[in-house]
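Every number here is computed from the coordinates shown, using simple stated rules; none is lab data. Keep in mind the model is a prediction, meaning the values are calculated, not measured. Glycine also receives a Cβ, built like all others from the backbone with ideal geometry; neighbour counts cover every protein chain displayed.
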Ligand SMILES: [Zn+2]
Ligand SMILES: [Zn+2]
Ligand SMILES: [Zn+2]
């Protein structure tokens, strides 16, 4: 629960007094609370409990195919998590009927499930109606949105946007589940309209928005593992330097490992047995650095590592990020 309260300040006593009201009082019974300033986007709200944001994407019919895709539901936690989340709330979801039993059950209904009372369960079992389908869709859509919000580090007061939803899809490897219309809107491309009267020769083929996104998120390079490479069979193999220019390009786009500002260069590990004659470090052993930190490192590596941490630790961080994002796959 999040609450906006206006304090009454008694400066001479050094006290700030709040009158939370009975519905908010439970928050204070739990013990310690976190107090922070009201963020800009909530400033217009009156004092009291901060309501969950309405989610316009819920009502966006063009996104229904995405939300109800089995892989998307799976990425959001799967049907058992959907069921558990429905059971966390109470009340029969079937809007008709003059009587509802206090006990609830979860009725499976494609593409997910519906929470109904025992009475309605008896009445509706084995039925298929448009209303039930709408309820089941709604539950799945709300479930996926709630899961995306959580995964992206937002709470329920945040209104999920289409680009955020697409980013979530990318993170969970669901790019191929994005419907074309959704991808076009996220990329702010005009909707694809084929005029009703057109000669075939007038139709200019357009690059699908989904393939633009797929192209952008494809791994920068794939690692190949060869346990019996020719080198492993030689007595004195010649050192092969792993060169991956696309990886270096990606490293350059990362924040500087020294100071956190945007990097300018991919720096190859020096010292630690690397960076000498014929031992220039492999491209995977590179670190994003800004020009200032890069100069600082080359001027005095020991001093640099004392100040910013050791290069190998930085490399572990960069490789970890690359693997986690699928840049290295
Ligand atoms: Zn009922
Ligand atoms: Zn820097
Ligand atoms: Zn360097």
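Once the Cβ-Cβ distance of residue 224 and residue 272 is raised to the sixth power relative to R0 = 25 Å, the FRET efficiency obtained is 0.50. When the Cα convex hull of region 3-51 is projected onto planes of every orientation, the mean area is 4.2 nm². Across region 84-100, the residues whose backbone nitrogen lies under 19 Å from the label position 7 Å along the beta-carbon direction of residue 23 are 89-91.
Out of all DSSP beta bridges in the chain, what portion is antiparallel? Express it as a percent rounded to 5. List each step's numbers first, then the result.
Details: 17 of 18 bridges.
Taking every DSSP beta bridge with both residues in the chain, the antiparallel ones total about 95 percent.
Which one of 47, 80, 229 has the biggest mean-square fluctuation once the chain is modelled by GNM with Cα springs under 10 Å? Per the Cα network of the chain with a 10 Å cutoff, 229 tops the list.
Relative to the compact globular guide of 2.2 N^0.38 Å, what is the alpha carbon radius of gyration of the chain, as a ratio? Present the calculation step by step, with values, prior to reporting the outcome.
Values: Rg = 28.0 Å, N = 329, 2.2 N^0.38 = 19.9 Å.
Dividing the Cα Rg of the chain by 2.2 N^0.38 Å gives 1.41.
Label sites at residue 16 and residue 64, each approximated as a point 7 angstrom past Cα along Cα to Cβ, lie 4.7 nm apart.
Placing a label point 7 Å from the Cα of residue 36 along the Cα-to-Cβ direction, the residues of region 151-186 whose backbone N falls under 20 Å from that point are 151-161.
Estimated from the Cβ-Cβ distance and a Förster radius of 41 angstrom, the FRET efficiency linking residue 4 and residue 151 is about 0.95.
Convex hull volume of the Cα atoms in region 240-325, per residue, in Å³? Let's see the in-between values first.
Working: hull volume 7.7 nm³, N = 86.
Taking only Cα atoms, region 240-325 has a hull volume of 89 Å³ per residue.
Modelled spin-label separation between residue 292 and residue 47, with each label point placed 7 Å from Cα along the Cα-to-Cβ direction: 4.5 nm.
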